[in-house]
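First up is the structure itself, then whatever we jot down about it.
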Amino acid sequence: MNEDVLILAIESSCDETAAAVVKNGRTVLSNVISSQISTHTIYGGVVPEIASREHIKAINYVIRRALAEAGVGLPEITAVGVTYGPGLVGALLVGVAEAKALAYAAKKPLIGVHHIEGHVSANFIEHPDLEPPFVCLIVSGGHTHLVIVKDYGKFKILGRTRDDAAGEAFDKVARAVGLGYPGGPKVDRTAREGNPHAIEFPRGKVDGSPYDFSFSGLKSAVLNHINHAKMTGEEIHVPDLVASFQNSVVDSLVSRTVTAAKEYGYGQVAIAGGVASNTALRAAMEQACGKVGIRCCYPSPVLCTDNAAMIGAAAYYEYCNGNIAGWDLNAVPNLKLGER
(Lines give C-alpha, C1' and ligand atoms only; values in the text may rest on other atoms or scores of the structure.)
Protein backbone atom coordinates (compact mmCIF):
# COMPACT_ATOMS: atom_id res chain seq x y z
CA MET A 1 0.00 0.00 0.00
CA ASN A 2 1.27 3.45 -0.91
CA GLU A 3 -0.53 5.36 1.84
CA ASP A 4 -0.37 4.86 5.60
CA VAL A 5 -3.27 2.91 7.06
CA LEU A 6 -4.58 4.35 10.33
CA ILE A 7 -6.82 2.05 12.36
CA LEU A 8 -9.00 3.38 15.18
CA ALA A 9 -9.34 0.30 17.39
CA ILE A 10 -11.82 -0.39 20.19
CA GLU A 11 -11.59 -3.14 22.84
CA SER A 12 -14.28 -3.90 25.44
CA SER A 13 -14.36 -7.68 25.78
CA CYS A 14 -14.06 -7.88 29.58
CA ASP A 15 -13.16 -5.21 32.16
CA GLU A 16 -10.96 -2.77 30.24
CA THR A 17 -12.43 -0.08 28.02
CA ALA A 18 -9.73 0.77 25.50
CA ALA A 19 -9.15 2.70 22.29
CA ALA A 20 -6.04 3.15 20.20
CA VAL A 21 -4.78 4.49 16.89
CA VAL A 22 -2.32 2.20 15.13
CA LYS A 23 -0.41 2.98 11.92
CA ASN A 24 0.34 0.20 9.45
CA GLY A 25 -0.18 -2.53 12.03
CA ARG A 26 3.08 -1.90 13.88
CA THR A 27 3.27 1.69 15.10
CA VAL A 28 1.12 2.75 18.06
CA LEU A 29 0.16 6.43 17.92
CA SER A 30 -2.03 6.18 21.03
CA ASN A 31 -3.22 3.47 23.41
CA VAL A 32 -5.75 4.53 26.04
CA ILE A 33 -7.03 2.06 28.66
CA SER A 34 -9.69 2.63 31.30
CA SER A 35 -9.44 -0.23 33.80
CA GLN A 36 -12.29 -1.47 35.99
CA ILE A 37 -10.12 -3.48 38.41
CA SER A 38 -10.90 -1.29 41.42
CA THR A 39 -14.63 -1.56 40.67
CA HIS A 40 -14.64 -5.36 40.57
CA THR A 41 -12.09 -6.05 43.33
CA ILE A 42 -14.70 -5.84 46.08
CA TYR A 43 -16.63 -8.67 44.37
CA GLY A 44 -13.56 -10.88 43.94
CA GLY A 45 -13.94 -10.99 40.16
CA VAL A 46 -15.60 -9.39 37.15
CA VAL A 47 -19.37 -8.83 37.41
CA PRO A 48 -20.62 -8.82 33.79
CA GLU A 49 -23.52 -6.40 34.26
CA ILE A 50 -21.33 -3.88 36.06
CA ALA A 51 -18.63 -4.26 33.41
CA SER A 52 -21.12 -3.39 30.66
CA ARG A 53 -22.31 -0.25 32.46
CA GLU A 54 -18.73 0.88 33.07
CA HIS A 55 -17.92 0.43 29.38
CA ILE A 56 -20.85 2.66 28.45
CA LYS A 57 -19.55 5.35 30.81
CA ALA A 58 -15.98 5.27 29.55
CA ILE A 59 -16.05 4.44 25.86
CA ASN A 60 -16.62 7.88 24.36
CA TYR A 61 -13.94 9.37 26.61
CA VAL A 62 -11.25 6.82 25.69
CA ILE A 63 -11.97 7.19 21.97
CA ARG A 64 -11.76 10.99 22.08
CA ARG A 65 -8.53 10.76 24.06
CA ALA A 66 -7.03 8.17 21.71
CA LEU A 67 -7.69 10.39 18.70
CA ALA A 68 -6.34 13.46 20.50
CA GLU A 69 -3.13 11.72 21.63
CA ALA A 70 -2.58 10.42 18.09
CA GLY A 71 -3.11 13.92 16.72
CA VAL A 72 -5.69 12.79 14.15
CA GLY A 73 -9.38 13.31 13.57
CA LEU A 74 -11.96 10.73 12.58
CA PRO A 75 -11.86 11.82 8.88
CA GLU A 76 -8.16 10.86 8.75
CA ILE A 77 -8.83 7.33 10.03
CA THR A 78 -8.70 4.61 7.38
CA ALA A 79 -10.91 2.08 9.16
CA VAL A 80 -12.48 1.26 12.53
CA GLY A 81 -11.54 -2.05 14.14
CA VAL A 82 -13.32 -3.61 17.11
CA THR A 83 -13.23 -6.79 19.19
CA TYR A 84 -16.40 -8.79 18.52
CA GLY A 85 -15.48 -11.98 20.40
CA PRO A 86 -14.79 -13.91 22.48
CA GLY A 87 -15.68 -12.21 25.75
CA LEU A 88 -18.61 -11.09 27.90
CA VAL A 89 -21.56 -10.58 25.59
CA GLY A 90 -22.76 -7.33 27.19
CA ALA A 91 -19.28 -5.87 27.27
CA LEU A 92 -18.61 -6.83 23.65
CA LEU A 93 -21.90 -5.27 22.51
CA VAL A 94 -20.88 -1.87 23.86
CA GLY A 95 -17.72 -1.81 21.75
CA VAL A 96 -19.36 -3.28 18.66
CA ALA A 97 -22.25 -0.81 18.75
CA GLU A 98 -19.87 2.12 19.20
CA ALA A 99 -17.60 0.99 16.35
CA LYS A 100 -20.53 0.48 13.99
CA ALA A 101 -21.92 3.92 14.77
CA LEU A 102 -18.56 5.64 14.24
CA ALA A 103 -17.76 3.75 11.04
CA TYR A 104 -21.21 4.38 9.59
CA ALA A 105 -21.22 8.09 10.45
CA ALA A 106 -17.68 8.64 9.16
CA LYS A 107 -18.18 6.38 6.10
CA LYS A 108 -15.23 4.19 7.08
CA PRO A 109 -14.78 0.42 6.70
CA LEU A 110 -15.66 -1.65 9.77
CA ILE A 111 -13.36 -4.50 10.80
CA GLY A 112 -14.28 -7.18 13.32
CA VAL A 113 -11.31 -8.54 15.27
CA HIS A 114 -10.94 -11.81 17.16
CA HIS A 115 -9.75 -10.95 20.67
CA ILE A 116 -7.21 -13.80 20.84
CA GLU A 117 -5.79 -12.88 17.42
CA GLY A 118 -5.34 -9.42 18.89
CA HIS A 119 -3.23 -10.83 21.72
CA VAL A 120 -1.01 -12.63 19.20
CA SER A 121 -0.69 -9.42 17.16
CA ALA A 122 0.66 -7.53 20.18
CA ASN A 123 3.96 -9.22 19.35
CA PHE A 124 4.05 -7.47 15.96
CA ILE A 125 4.00 -4.11 17.75
CA GLU A 126 6.76 -5.04 20.18
CA HIS A 127 8.88 -6.81 17.56
CA PRO A 128 8.49 -5.00 14.21
CA ASP A 129 10.67 -7.58 12.45
CA LEU A 130 8.58 -10.55 13.62
CA GLU A 131 6.68 -12.22 10.81
CA PRO A 132 4.87 -15.56 10.50
CA PRO A 133 5.36 -18.43 10.67
CA PHE A 134 6.13 -19.06 14.35
CA VAL A 135 4.87 -20.98 17.36
CA CYS A 136 2.77 -18.98 19.82
CA LEU A 137 1.68 -19.79 23.36
CA ILE A 138 -1.54 -17.94 24.20
CA VAL A 139 -2.20 -17.76 27.94
CA SER A 140 -4.89 -15.69 29.64
CA GLY A 141 -7.69 -15.90 32.17
CA GLY A 142 -10.00 -17.62 29.73
CA HIS A 143 -7.70 -19.22 27.16
CA THR A 144 -4.66 -21.45 26.96
CA HIS A 145 -3.69 -22.41 23.41
CA LEU A 146 -0.52 -23.57 21.71
CA VAL A 147 -0.67 -22.67 18.03
CA ILE A 148 1.36 -22.28 14.88
CA VAL A 149 0.84 -18.80 13.41
CA LYS A 150 1.01 -19.85 9.75
CA ASP A 151 0.26 -16.38 8.40
CA TYR A 152 -1.49 -13.22 9.52
CA GLY A 153 -4.86 -14.39 10.82
CA LYS A 154 -4.17 -18.05 10.00
CA PHE A 155 -3.56 -20.53 12.81
CA LYS A 156 -3.02 -24.23 13.33
CA ILE A 157 -4.00 -25.25 16.86
CA LEU A 158 -1.61 -27.79 18.33
CA GLY A 159 -3.04 -27.91 21.83
CA ARG A 160 -5.42 -26.26 24.25
CA THR A 161 -6.51 -26.64 27.85
CA ARG A 162 -8.97 -29.42 28.61
CA ASP A 163 -10.28 -27.66 31.72
CA ASP A 164 -9.06 -24.51 33.49
CA ALA A 165 -7.11 -21.90 31.58
CA ALA A 166 -3.74 -20.99 33.13
CA GLY A 167 -4.93 -17.55 34.20
CA GLU A 168 -8.09 -19.03 35.72
CA ALA A 169 -5.93 -21.38 37.80
CA PHE A 170 -3.85 -18.43 39.00
CA ASP A 171 -7.00 -16.58 40.08
CA LYS A 172 -8.43 -19.59 41.94
CA VAL A 173 -5.22 -20.33 43.82
CA ALA A 174 -4.79 -16.65 44.69
CA ARG A 175 -8.29 -16.61 46.13
CA ALA A 176 -7.64 -19.81 48.11
CA VAL A 177 -4.57 -18.39 49.87
CA GLY A 178 -6.13 -14.97 50.49
CA LEU A 179 -4.23 -12.92 47.93
CA GLY A 180 -7.43 -11.70 46.33
CA TYR A 181 -8.22 -10.35 42.86
CA PRO A 182 -6.65 -10.03 40.33
CA GLY A 183 -4.82 -13.24 41.13
CA GLY A 184 -2.18 -13.46 38.41
CA PRO A 185 -0.11 -10.36 39.25
CA LYS A 186 -0.41 -11.02 43.00
CA VAL A 187 0.80 -14.61 42.68
CA ASP A 188 3.67 -13.42 40.48
CA ARG A 189 4.81 -10.84 43.05
CA THR A 190 4.38 -13.12 46.07
CA ALA A 191 6.16 -16.04 44.37
CA ARG A 192 9.35 -14.00 44.06
CA GLU A 193 9.74 -14.30 47.84
CA GLY A 194 9.21 -18.08 47.88
CA ASN A 195 11.01 -21.30 46.99
CA PRO A 196 9.61 -22.75 43.75
CA HIS A 197 10.78 -26.23 44.78
CA ALA A 198 9.39 -26.18 48.33
CA ILE A 199 6.44 -28.34 47.25
CA GLU A 200 6.51 -30.56 44.19
CA PHE A 201 3.06 -30.18 42.67
CA PRO A 202 2.02 -32.38 39.70
CA ARG A 203 2.29 -31.45 36.03
CA GLY A 204 -0.96 -32.25 34.26
CA LYS A 205 -0.75 -34.38 31.11
CA VAL A 206 -3.40 -35.52 28.64
CA ASP A 207 -2.98 -39.06 27.28
CA GLY A 208 -2.65 -39.09 23.51
CA SER A 209 -2.51 -35.29 23.26
CA PRO A 210 1.03 -34.16 24.10
CA TYR A 211 0.33 -30.49 23.46
CA ASP A 212 -2.93 -30.19 25.40
CA PHE A 213 -2.94 -28.69 28.89
CA SER A 214 -4.76 -29.55 32.11
CA PHE A 215 -4.63 -27.43 35.26
CA SER A 216 -7.61 -28.68 37.27
CA GLY A 217 -5.56 -31.45 38.87
CA LEU A 218 -2.88 -28.98 39.89
CA LYS A 219 -5.51 -26.65 41.34
CA SER A 220 -6.99 -29.56 43.31
CA ALA A 221 -3.54 -30.54 44.58
CA VAL A 222 -2.97 -27.00 45.87
CA LEU A 223 -6.38 -26.92 47.58
CA ASN A 224 -5.77 -30.37 49.12
CA HIS A 225 -2.40 -29.16 50.46
CA ILE A 226 -4.08 -26.12 52.02
CA ASN A 227 -6.87 -28.21 53.58
CA HIS A 228 -4.43 -30.79 54.96
CA ALA A 229 -2.32 -28.04 56.51
CA LYS A 230 -5.39 -26.52 58.16
CA MET A 231 -6.53 -29.86 59.58
CA THR A 232 -3.11 -30.71 61.00
CA GLY A 233 -2.39 -27.20 62.27
CA GLU A 234 0.58 -26.85 59.94
CA GLU A 235 1.58 -23.29 59.04
CA ILE A 236 1.21 -22.43 55.37
CA HIS A 237 4.05 -20.35 53.99
CA VAL A 238 2.16 -18.60 51.18
CA PRO A 239 5.21 -17.46 49.14
CA ASP A 240 6.53 -21.04 48.99
CA LEU A 241 3.09 -22.41 48.14
CA VAL A 242 2.38 -20.01 45.27
CA ALA A 243 5.98 -20.20 43.98
CA SER A 244 5.68 -23.99 43.79
CA PHE A 245 2.27 -23.74 42.10
CA GLN A 246 3.56 -21.19 39.61
CA ASN A 247 6.62 -23.35 38.89
CA SER A 248 4.36 -26.25 37.91
CA VAL A 249 2.27 -24.07 35.58
CA VAL A 250 5.33 -22.49 33.96
CA ASP A 251 7.02 -25.85 33.48
CA SER A 252 3.94 -27.25 31.72
CA LEU A 253 3.65 -24.22 29.44
CA VAL A 254 7.32 -23.87 28.54
CA SER A 255 8.10 -27.56 27.99
CA ARG A 256 5.24 -28.06 25.52
CA THR A 257 5.99 -24.82 23.64
CA VAL A 258 9.68 -25.50 23.11
CA THR A 259 9.05 -29.17 22.24
CA ALA A 260 6.49 -28.09 19.61
CA ALA A 261 8.86 -25.54 18.09
CA LYS A 262 11.58 -28.19 17.76
CA GLU A 263 9.24 -30.87 16.42
CA TYR A 264 7.69 -28.62 13.76
CA GLY A 265 10.98 -26.91 12.91
CA TYR A 266 10.25 -23.30 13.85
CA GLY A 267 13.00 -20.96 15.01
CA GLN A 268 10.68 -18.40 16.62
CA VAL A 269 8.43 -18.63 19.66
CA ALA A 270 6.07 -15.93 20.94
CA ILE A 271 3.96 -15.61 24.10
CA ALA A 272 0.64 -13.75 24.15
CA GLY A 273 -2.20 -12.98 26.58
CA GLY A 274 -2.43 -11.62 30.10
CA VAL A 275 -0.34 -14.40 31.66
CA ALA A 276 2.45 -13.54 29.18
CA SER A 277 3.33 -10.71 31.57
CA ASN A 278 4.25 -13.26 34.28
CA THR A 279 7.93 -12.74 35.06
CA ALA A 280 8.65 -16.40 35.82
CA LEU A 281 7.09 -17.53 32.53
CA ARG A 282 9.05 -14.97 30.51
CA ALA A 283 12.34 -15.87 32.18
CA ALA A 284 11.81 -19.63 31.83
CA MET A 285 10.75 -19.37 28.19
CA GLU A 286 13.76 -17.22 27.33
CA GLN A 287 16.10 -19.65 29.06
CA ALA A 288 14.58 -22.75 27.43
CA CYS A 289 14.55 -21.17 23.97
CA GLY A 290 18.10 -19.90 24.39
CA LYS A 291 19.36 -23.42 25.12
CA VAL A 292 18.13 -24.69 21.75
CA GLY A 293 18.76 -21.57 19.65
CA ILE A 294 15.14 -20.47 19.27
CA ARG A 295 14.17 -16.79 19.28
CA CYS A 296 11.75 -15.86 22.09
CA CYS A 297 9.37 -12.89 21.76
CA TYR A 298 6.81 -11.38 24.11
CA PRO A 299 5.09 -7.99 24.42
CA SER A 300 5.55 -5.40 27.15
CA PRO A 301 3.17 -5.96 30.09
CA VAL A 302 0.83 -3.16 28.97
CA LEU A 303 0.39 -4.98 25.64
CA CYS A 304 -0.15 -8.37 27.32
CA THR A 305 -3.29 -7.37 29.21
CA ASP A 306 -6.38 -6.30 27.27
CA ASN A 307 -5.72 -3.19 25.19
CA ALA A 308 -6.81 -1.68 21.89
CA ALA A 309 -3.37 -1.34 20.29
CA MET A 310 -3.23 -5.10 19.76
CA ILE A 311 -6.72 -4.95 18.20
CA GLY A 312 -5.49 -2.22 15.85
CA ALA A 313 -2.54 -4.39 14.81
CA ALA A 314 -4.78 -7.36 14.06
CA ALA A 315 -7.33 -5.14 12.29
CA TYR A 316 -4.63 -3.83 9.94
CA TYR A 317 -3.94 -7.31 8.57
CA GLU A 318 -7.67 -8.04 8.28
CA TYR A 319 -8.00 -4.79 6.31
CA CYS A 320 -5.08 -5.72 4.04
CA ASN A 321 -6.72 -9.09 3.38
CA GLY A 322 -10.01 -7.43 2.47
CA ASN A 323 -11.91 -8.79 5.47
CA ILE A 324 -14.38 -5.95 5.93
CA ALA A 325 -17.37 -6.52 8.22
CA GLY A 326 -20.95 -5.73 7.34
CA TRP A 327 -23.30 -3.57 9.39
CA ASP A 328 -24.78 -6.79 10.79
CA LEU A 329 -21.57 -7.46 12.78
CA ASN A 330 -22.59 -8.76 16.19
CA ALA A 331 -20.93 -9.86 19.41
CA VAL A 332 -19.94 -13.54 19.47
CA PRO A 333 -19.04 -14.35 23.09
CA ASN A 334 -17.87 -17.94 22.39
CA LEU A 335 -15.93 -17.21 19.19
CA LYS A 336 -13.30 -19.91 18.63
CA LEU A 337 -9.77 -19.19 17.45
CA GLY A 338 -9.64 -19.31 13.68
CA GLU A 339 -13.38 -18.71 13.23
CA ARG A 340 -14.74 -15.73 11.34
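The values are calculated or read from the model by the stated rules, or taken from the named source; none is laboratory data. Note that the structure is predicted; figures quoted are calculated from it, not measured. When we count neighbours, we look across all protein chains shown, and the Cβ atoms used for this are built from the backbone with ideal geometry, even at glycine. All accessible areas refer to the heavy atoms of the entire protein, side chains included, with ligands and DNA or RNA removed. Shrake-Rupley method; radii C 1.70, N 1.55, O 1.52, S 1.80 Å.
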Exercise. Filter the GluC sites (Glu not before Pro) in the stretch 1-93 to those in DSSP coil with at most 12 other Cβ atoms within 10 Å of their Cβ, and list the result.
Key: Glu3
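Under the 0.36 nm per residue contour assumption, what length would be gained going from the current alpha-carbon distance of Tyr104 and Glu339 to full extension? Intermediate results must be reported in sequence, preceding the final value.
Values: separation 235, 0.36 × 235 = 84.60 nm, distance 2.47 nm.
Between Tyr104 and Glu339, full extension yields 82.1 nm more.
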Practice problem: For the pairs Lys205/Lys230; Lys154/Lys336; Lys150/Lys336; Lys172/Lys205; Lys108/Lys156, note any where the Cα-Cα span goes beyond 24 Å. | Solution: Lys205/Lys230; Lys108/Lys156
Quiz prompt | On Cα atoms only, tilt of 238-264 relative to the major axis of the chain in degrees | solution = 60 degrees
Exercise. Could you look at the stretch 131-299 and say what percent of its accessible area is carbon and sulfur, using a 1.4 Å probe and all protein chains?
Key: 48 percent
Quiz item: For the Cα atoms of the chain, what angle does the longest principal axis make with the long axis of helix 115-126, in degrees from 0 to 90, nearest 10?
Solution: 80 degrees
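Please report the relative contact order for the stretch 110-192, taking Cα pairs under 8 Å with a sequence separation of at least 6, and give it as a percent rounded to a whole number.
On the way: 105 pairs, mean separation 14.8, N = 83.
Dividing the mean separation by the residue count of the stretch 110-192 yields 18 percent.
For a distance above 16 Å, tell me the whole-number percent of Cα pairs in the stretch 230-323 that qualify. Write out the running numbers ahead of the final one.
Working: 2865 of 4371 pairs.
Counting pairs separated by more than 16 Å, the tail of P(r) holds 66 percent.
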Quiz item: Which angle from 0 to 90°, rounded to the nearest 10, does the C-alpha axis of helix 279-291 make with the longest principal axis of the chain?
Solution: 90 degrees
Quiz item: Out of Ile157, Ile116, Ile148, any idea which swings most in a Gaussian network model of the chain, alpha carbons joined below 10 Å?
Solution: Ile157
Quiz item: Once fully extended, how much extra length lies between Ile56 and Val89, figured as 0.36 nm per residue of separation less the alpha-carbon to alpha-carbon distance?
Solution: 10.5 nm
Practice problem: Rounded to the nearest 0.05, what FRET efficiency do Arg65 and Ser209 give with R0 = 56 Å and r taken as the Cβ-Cβ distance? Could you check? | Solution: 0.80
Quiz item: To the nearest 10 Å², what's Val242's accessible area with a 1.4 Å probe?
Solution: 0 Å²
Exercise. State the cysteines of the chain left without a partner when partners are defined as other cysteines whose beta carbon lies under 4.7 Å away.
Key: Cys14, Cys136, Cys297, Cys304, Cys320
Quiz item: Of all the Cα-Cα pairs you can form in the chain, what percent are over 36 Å apart?
Solution: 20 percent
Practice problem: Output ³J(HN,Hα) for the stretch 48-64: one whole-Hz value per residue in order, computed from phi by the Karplus curve 6.51 cos²θ - 1.76 cosθ + 1.60 with θ = phi - 60°, and x for Gly and Pro. | Solution: x, 5, 5, 4, 4, 5, 5, 4, 4, 5, 9, 5, 5, 5, 5, 5, 4
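If I take R0 = 35 Å and measure r between the Cβ atoms of Asn323 and Ser255 in this structure, what FRET efficiency does the formula 1/(1 + (r/R0)^6) give, to the nearest 0.05?
Numbers: r = 35 Å, r/R0 = 1.00.
Taking R0 as 35 Å, the efficiency between Asn323 and Ser255 is 0.50.
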